[in-house]
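So the structure is just underneath, and the comments pick up after that.
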Amino acid sequence: MINTIRTYREEKNITQETLANMIGITRRSVISIENGKTMPSIDIVFKISQALKVPIDKLYYPETATDKLVDNIKFIDLFCGIGGFRFACNRTLKRLGIKGECVFSSDIDIYARESYNANFGEYPTGDITRVDAKDIPDHDLLFAGFPCQPFSIIGLGKGFDDTRGTLFFEIARIIKEKQPKAFVLENVKRLVGHNKGQTLSTILSILRDLDYFVDYKVINALDCGLPQKRERVIIIGSKKPFNMNWSIKAENPKTLEDILEKNVPDKYYASQAIVEKRKAMHTSKYPISIWHENKAGNISSYPYSCALRAGASYNYLLVNGERRLTPREMLRLQGFPDDFNIVVNDSQIRKQAGNAVPVDLVSCVLDNFIPLIFTE
Ligand SMILES: C[S@@+](CC[C@H](N)C(=O)[O-])C[C@H]1O[C@@H](n2cnc3c(N)ncnc32)[C@H](O)[C@@H]1O
């Protein structure tokens, strides 16, 4: 049996300890129940259902999956940017021996479309708000790293229509029409706490109302083998019940040294005045570090980069307090391969790298998620 107890408990911000106290068992028993190691009595399942305010029939499902993976997965890449999801999906599918086919992509930004074409040989469709969902080819898996626009209008309690005017609405209407087997969505960590959690819970309940089992987790690119602290919420959903294993296994984690270029043109060096000012304020304890200036002007340094940002000031990240990152270094920090073709100017590629989803973060998720869902 698959159970969704952990998903609902975390969503309701209830600790294992609290749940254990609510139903009169030990925390260890809660862990064992959530991991599927213990099948609780119907009496305990009833108490869990009352404590989490979730109907019993939403807590347990029979396991139907076989071990045999499908041969082929068709996917679409919404808000595709420079294709972070597509690189990650191709990487995971190759590892799993599954053939992948991207059947639709979309981005409104002409420069992002140029970069995407230079790397995948196809120009994405433009503004998704103008695309009739019926015109999108059938697919098994939908990806969308939707922009972190203000979410203030979501969460007024009106459900699906409540999100009209947001880009999440575009995703929901496409899922509603096309009913893919599964989806993976990405957004900034801030979404989780927005409007005291109300915004995310509206998004999750809309996805559930579209007949999907849903789970989510905040994941840090640092834990996925990239030397960048970048926390993102990943929302996954499937027609089939699943018990996601969110433990991340980063193979061959990269260090800053792996990322930094050896010969860097002078244009990336900050002015002497800036370097002197920084060094008067801060001394790093690391031999190789990235210096980060926060909004208040304070400097800190780490043996990894803080999150790349699309619209950040020019010098807010400086390698060893001296120079800006090159475009190739920014792409590497986001997990893009070295054969990524750069065809736009520095300012566009900085924006594109800053907007992208870390490739390794998505592939870590897909390595666990795809084998759960895409079995015959
Ligand atoms: C957070 S970025 C996603 C980046 C992408 N995941 C990647 O790895 O590069 C959001 C993207 O949504 C695009 N976008 C914004 N509004 C859009 C719209 N109405 N239709 C299509 N794309 C849109 C932006 O141009 C931007 O590239």
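What percent of all Cα-Cα pairs in the range 1-115 falls into each 10 Å bin, going from 0 up to the bin containing the maximum distance?
12, 30, 16, 24, 16, 3
Quick one: angle between helix 110-120 and the longest Cα principal axis of the chain, in degrees between 0 and 90, rounded to 10, please.
80
Under the Kirkwood approximation for Rh and a Cα-based Rg, what ratio Rg/Rh is obtained for the range 208-253?
1.09
Can you pull a Stokes-Einstein diffusion coefficient for the chain at 20 °C (1.002 mPa s), Rh from Kirkwood over Cα pairs, as a whole number of µm²/s?
96
Between A353, A144, A312, which gets the highest mean-square fluctuation from a Gaussian network model of the chain, Cα cutoff 10 Å?
Per the Cα network of the chain with a 10 Å cutoff, A312 tops the list.
How do E322, E170, E251 rank when sorted from fewest to most other Cβ atoms within 10 Å of their own Cβ?
E251, E322, E170
For the residues C148, C102, what sequence is obtained by ranking on other C-beta atoms within 10 Å, fewest first?
Values: C148 16, C102 22.
Neighbour counts put them in this order, fewest first: C148, C102.
Where does helix 272-281 land angle-wise versus the long Cα axis of the chain, in degrees 0 to 90, nearest 10?
50
Can you give me the P(r) profile for the range 241-363? Cα pairs, bins 5 angstrom wide beginning at 0, each as a whole percent.
P(r) for the range 241-363, in whole percents per bin: 2, 10, 19, 22, 20, 12, 8, 4, 2, 1, 0, 0.
Roughly how many whole Å is it from the C-alpha centroid of the range 1-50 to that of the range 307-376?
Centre-to-centre distance over Cα atoms comes out at 38 Å.
Give me the compactness ratio for the range 58-147, meaning the Cα radius of gyration over 2.2 N^0.38 Å. Don't skip to the answer; put the middle values down first.
Values: Rg = 15.2 Å, N = 90, 2.2 N^0.38 = 12.2 Å.
Expressed relative to 2.2 N^0.38 Å, the Cα Rg reads 1.25.
How about the range 14-112: which GluC sites (Glu not before Pro) there are in a DSSP loop, with at most 13 other Cβ atoms within 10 Å of their Cβ?
Those satisfying the criteria are E63.
Could you list, bin by bin from short to long, the percent of Cα-Cα pairs of the range 2-61 in 10 Å steps?
Bin by bin from 0 Å, the calculated values are 25, 68, 7.
Helix 42-52 sits at what angle to the longest principal axis of the chain, using alpha carbons and giving 0 to 90 degrees rounded to 10?
The angle comes out near 50 degrees.
With springs connecting C-alpha atoms under 10 Å apart, model the chain as a Gaussian network and identify which of R28, R323, R278 has the largest mean-square fluctuation.
In the Gaussian network model the winner is R28.
How many angstrom separate the Cα center of the range 192-240 from the Cα center of the range 56-119?
Between the Cα centre of the range 192-240 and that of the range 56-119, the gap is 16 Å.
Summarise the long-distance tail of P(r) for the range 262-325 by giving the % of C-alpha pairs beyond 16 Å.
Above the 16 Å cut-off, the range 262-325 has 41 percent of its Cα pairs.
FYI, it's all coordinate maths here, none of it is from the lab. These numbers were taken from a predicted model, which means no experiment stands behind them. Using ideal geometry, Cβ is built from the backbone for each residue, glycine included, and neighbour counts are taken over all protein chains shown.
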